[in-house]
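The values are calculated or read from the model by the stated rules, or taken from the named source; none is laboratory data. Nothing here was measured: the structure is a model prediction, and the numbers come from that model. Counting neighbours? That spans all protein chains shown, and the Cβs are built from the backbone with ideal geometry, glycine included.
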Amino acid sequence: MNLTTPTISVIGTGYLGATHAACLAELGFRVVGVDRDRDKIARLAAGEAPFSEPGLDDLLRRHTASGRLRFTTAIRVAAEHADVHFLCVGTPQSAAGPEADLAGLWAAVRDLGRHLTRDCLVVGKSTVPVGTAAAMAAELGRIVPPRISANVAWNPEFLREGHGVQDTLHPDRLVFGVDSPSAELTLRLLYERPIAAGVPVHVTDLATAELAKSAANGFLATKVSFVNAMAEISERAGADVVALADILGDDPRIGRSFLDAGIGFGGGCLPKDIRALAARAAALGASSAPALLHAVDEANARARSRVADLALELCPGAGARVAVLGAAFKPRSDDVRDSPALDIARRVHRAGAEVRVYDPEASLNARAVAPELTYVASLETALRGAELVLHLTEWPEFAAMDPRWAARLVRWPVIIDGRNRIDSGRWAAAGWTVHSVGRPR
Ligand code: UGA
């Protein structure tokens, strides 16, 4: 292994892997990215991100042009190229149950292990059930060619979609799960000079590192469900959940972030990660975590249903025209995986409403999973003639909208603000009936 500037491979080039590969190239490493998906690899090799992630296109363009960053579908190329392999393969929820589907990850590990021609460190970054790293180390021990050593480390990633480049280059902490001094040394070499100055580095065992990622997402999900449970009480008691969150958030032990009530969490991570953590906990015979996490999941489902039910109550009859603002699971993203916004739009459509969806970036992806909805290219077209407006993804342009302008376009000025981002006083003054989540009208 080259201990001055190790060569890198990144296996799996989704949000996590593509961003990680591009950022490591930015830091000066020679990187090869690998994925089974030919289209994705072709786009990445052409310097183009296959999804929307601010700043990523620029890094890809510059580093594919310089030759420092390459992409391939052949894992053999990675096996021959790299001293350090980062595993960034997706671990979606399995089709049959709540647990994580690790088929892609295991296929990548076995494929890599069989093709190795040099000593290396295999570093897991994917979110996995605790215990996976140890199983992987044992499997690699069985399959790598004789006289080649492949150590395993776990280095979970906490990046948020839409902030991936920033979060990778400026993380709030680094976690090195290792079982040998040489693995720790390699990770320090990779991160310490360019990234880790002033950033806490937690060196720990493999299991703690794996669990840290699932637990972080579990805790964030719990905060969101907690505040949504408080929103429901607030509505019934005439309290204001936004003021409540501000009061709670001033307590440094609680913190204000992830206390925005609304239609709940979605995306490709939080929902599937809490289910996988609950399933893994149950398999290990730990009973508190499954009970807690199921309650979090249920409260999240309820946050969506409460807004969908209210929308149906407010629909003025069959065929009502409903404008849906937002389809992405969160703003600054074109990702619609497990999107609460899209889920609510589909339910309202199924109940007979005529739904027009506008999202600045996610319409293409939304159409692929919910082709029954009508997607429009502008906010104005969505609003024109609407009898009910649902604000479901908090894109800045929605909160910035002039309510008087919007009132002139719609048939009935009634809005459900599923994200509590509309200035309800201003909208009410412009003639709107505003329904927020957990706030008095
Ligand atoms: C999440 C974590 O925040 C990252 O740290 C983690 O690395 C990532 O999952 C992952 O496992 O890869 P992400 O899925 O990009 O990141 O999205 P978040 O910004 O965490 O938002 C998740 C969901 O929670 C969104 O639907 C958002 O609208 C919702 N949310 C968030 C709320 O409803 N209320 C809040 O106060 C905060």
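Figures for the structure shown
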read-out: Residue within segment 304-320 that is in a loop (DSSP other than H, G, I, E, B), outside the structural domain of Val165 (by TED's automatic domain parsing) and either within 19 Å of Glu232 (Cβ to Cβ) or touching a helix residue (DSSP H, G or I) at 6+ places or on another chain (Cβ under 9 Å) (or both) present; value: yes
read-out: Selection within segment 359-380 - surrounded by 24 or more Cβ atoms within 10 Å (Cβ to Cβ) and in contact with a helix residue (DSSP H, G or I) (Cβ under 7 Å, 6 or more places away or on another chain); value: Asp359, Ala366
read-out: The lone exception for Val122 - which of (1) more than 25 Å from Arg38 (Cβ to Cβ); (2) touching a helix residue (DSSP H, G or I) at 6+ places or on another chain (Cβ under 7 Å); (3) not small (Gly, Ala, Ser) it fails; value: (1)
read-out: Checking Val241 against (1) in the same structural domain as Val152 (by TED's automatic domain parsing); (2) in contact (Cβ under 8 Å) with a residue 24 or more places away in the chain, the condition it does not meet; value: (1)
read-out: Options Val307, Val322: the member that is under 22 Å from Ala366 (Cβ atoms), within 15 Å of the ligand (Cβ to nearest atom), touching a residue at least 12 places away in the same chain (Cβ under 8 Å) and over 21 Å from the mean Cα position of the chain (by Cα); value: Val307
read-out: Flag for Asp251 being more than 29 Å from Ala299 (Cβ to Cβ) and outside any helix (DSSP H, G or I); value: no
read-out: Condition check for Ala276: crowded, with 17+ Cβ neighbours inside 10 Å, over 18 Å from the mean Cα position of the chain (by Cα) and not assigned by TED's automatic domain parsing to the domain that holds Leu342; value: no
read-out: Residue match in segment 385-398 (condition: charged (D, E, K, R), within 16 Å of the ligand (Cβ to nearest atom) and at pLDDT 95 or above); value: yes
read-out: Search result, residues across segment 135-171 that are more than 16 Å from the ligand (Cβ to nearest atom) and not in a helix (DSSP H, G or I); value: Val144, Pro145, Pro146, Arg147, Ile148, Ser149, Ala150, Asn151, Val152, Ala153
read-out: Pick from segment 330-352, criterion assigned to a loop (DSSP other than H, G, I, E, B), in contact (Cβ under 8 Å) with a residue 40 or more places away in the chain and not polar (S, T, N, Q), ranking: nearest to the ligand (Cβ to nearest atom); value: Lys330
read-out: Residue in segment 254-276 that is touching a residue at least 40 places away in the same chain (Cβ under 8 Å), closer than 24 Å to Ala406 by Cβ, of a type in the set (Gly, Ala, Ser) and not in a loop (DSSP other than H, G, I, E, B) present; value: no
read-out: Of residues in segment 101-123 being more than 26 Å from the chain's Cα centre (by Cα) and in a loop (DSSP other than H, G, I, E, B), the one surrounded by the fewest Cβ atoms within 10 Å (Cβ to Cβ); value: Thr117
read-out: Scope segment 172-192; condition in a helix (DSSP H, G or I) and either touching an Asp or Glu at 6+ places or on another chain (Cβ under 7 Å) or among the aromatic types (Phe, Trp, Tyr) (or both); matching residues; value: Tyr191
read-out: Extreme residue, nearest to the chain's Cα centre (by Cα), among residues of segment 196-221 that are under 14 Å from Arg173 (Cβ atoms) and more than 16 Å from the ligand (Cβ to nearest atom); value: Thr208
read-out: Subset tally (residues that are under 17 Å from Val241 (Cα atoms), polar (S, T, N, Q) and crowded, with 22+ Cβ neighbours inside 10 Å) for segment 206-228; value: 2
read-out: Meets criteria (away from the ligand (no atom under 16 Å from the Cβ), assigned by TED's automatic domain parsing to the domain that holds Pro129 and at pLDDT 95 or above) for Val89; value: no
read-out: Every residue from segment 231-268 that is of a type in the set (Asp, Glu) and surrounded by 15 or more Cβ atoms within 10 Å (Cβ to Cβ); value: Glu232, Glu235, Asp240, Asp260
